[in-house]
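Beneath this line is the structure, given in structure tokens, with notes to follow.
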Amino acid sequence: MTPRRTLKVAASTAAGVLVLAACTTGIGDSTPPPRSGSGGNAQSLEPIEESNFEDVPSALKDIDNPDLPDPIVDVTRIISGGPPPDGIPPIDEPVFEKASSIEWLTSDEPVLALEVNGETRAYPVQILIWHEIVNDTVQGEPVAITYCPLCNSALAFHRAVGDRLLTFGTSGSLYQSDLVMYDRQTESLWPQIEGTAVAGFLTGTELERIPVATVPWGQWAAQNPDAWVLSKETGFDRDYGRNPYQGYDEAASDPFLFDEEADPRLLPKERVVAVPGPDPVAVPLADLSKDRVLSTTVDGAPVVMWATGGLRSALDAGTIAKGKEIAVSGVFDPVYEGQMLAFVADNDKAFRDELTGSSWSVLGTATSGPLKGEQLARIPHIDTFWFAWAAFEPETRLLGGISE
């Protein structure tokens, strides 16, 4: 039987029931399931290496094992979301297509844009919404790209931890409604937004984050026509393009299996742009999209946040391509070659630095002017729902109305 999560969501029109598919097709089968994809154009790029399984106590199987280190969270709050481990199957053998060959994405659909060691790749949310984790290697760097639909949170991590090369699966559990990953080497448990092992042999170990941004397909592809895009040829038969979480992003609705009161400063599922750190900062996406540019500091360092239109919500309509329009965000270091750049909104899709007059896309790339082709340093950030960010970072400095 296909395991499913069933949840009730109070939408603005009426209460609805969402069925979150978490099929186990292909898990444990000796014959791979059919690939649903784009006609055989996909290619494997780099091998996905991993360390061997370690014979240590497993938090995935027995979180209360007394031989494990003391957990750093209340483990009674790590609860089943419905599916078993890897019931929502991660992608362990990703294959890719050239951006210029893609015809199955609409221009304003969301993709996760990642750059590692000078190479950029895109991971369509219409695929990640069904798999949540991609174990990948980019320019020799082992990485994990993750997306939790329940928190609307996209994060990427380095898979190398000390001498270990980890690969990640979905545990089937949630912590504060967030995806709980497990590593296949020690079966420790890692809430995605936390990015730290909270229970198991590796308790207290923190993953190194990699900047990843949720951006419109058309804008990314226009700048990166020769780059690689995760293919729908995943090895699993899924209805890519359909949203199994229809209506989930109503701002006032209750999060699924969230076991505490949401921070009352904003509605639970109001979208925020958040920057982690010792002095975490968040700004409502709606506020940022009004003025388009926000200059602030995070941990004493300058940061510029941008927003523009042109992105579809993956969690609204039954088809992702028909989701409501939301804003796109970008977070960057405004210091370029030792000079502080001051930015203003240039038009509805671009930004301009007042020092050189160069125009910049929301991806942080100069598209015209003296600095054309230059790239601002990306700052790790997360576009997510307020309830989730505030639960993990309750001391967040909330910038409301584009002011501190």
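Inside segment 85-200, counting only strands (runs of 3 or more DSSP E) that do not spill past its ends, which hold 3 or more residues that are more than 27 Å from Ile379 (Cβ to Cβ) and outside the structural domain of Gly364 (by TED's automatic domain parsing)? Here the list reads 168-175. Among the candidates Asp74, Asp92, Asp136, Asp70, the residue that is surrounded by 23 or more Cβ atoms within 10 Å (Cβ to Cβ), more than 14 Å from Trp220 (Cβ to Cβ) and out of contact with any Gly (no Cβ under 6 Å at 6 or more places or on another chain) is uniquely Asp136.
The residue list Gly195, Gly204, Gly218, Gly241 contains one member that is in contact (Cβ under 8 Å) with a residue 12 or more places away in the chain and touching a Pro at 6+ places or on another chain (Cβ under 8 Å), which is Gly204. Per this entry, Glu187 is not counted among residues that are surrounded by fewer than 22 Cβ atoms within 10 Å (Cβ to Cβ), of a type in the set (Asp, Glu) and at pLDDT 95 or above.
The values are calculated or read from the model by the stated rules, or taken from the named source; none is laboratory data. Since the model is a prediction, treat every value here as computed from it, not as a measurement. Positions of Cβ are generated from backbone atoms using ideal geometry, with glycine treated the same way; all protein chains shown enter the neighbour counts.
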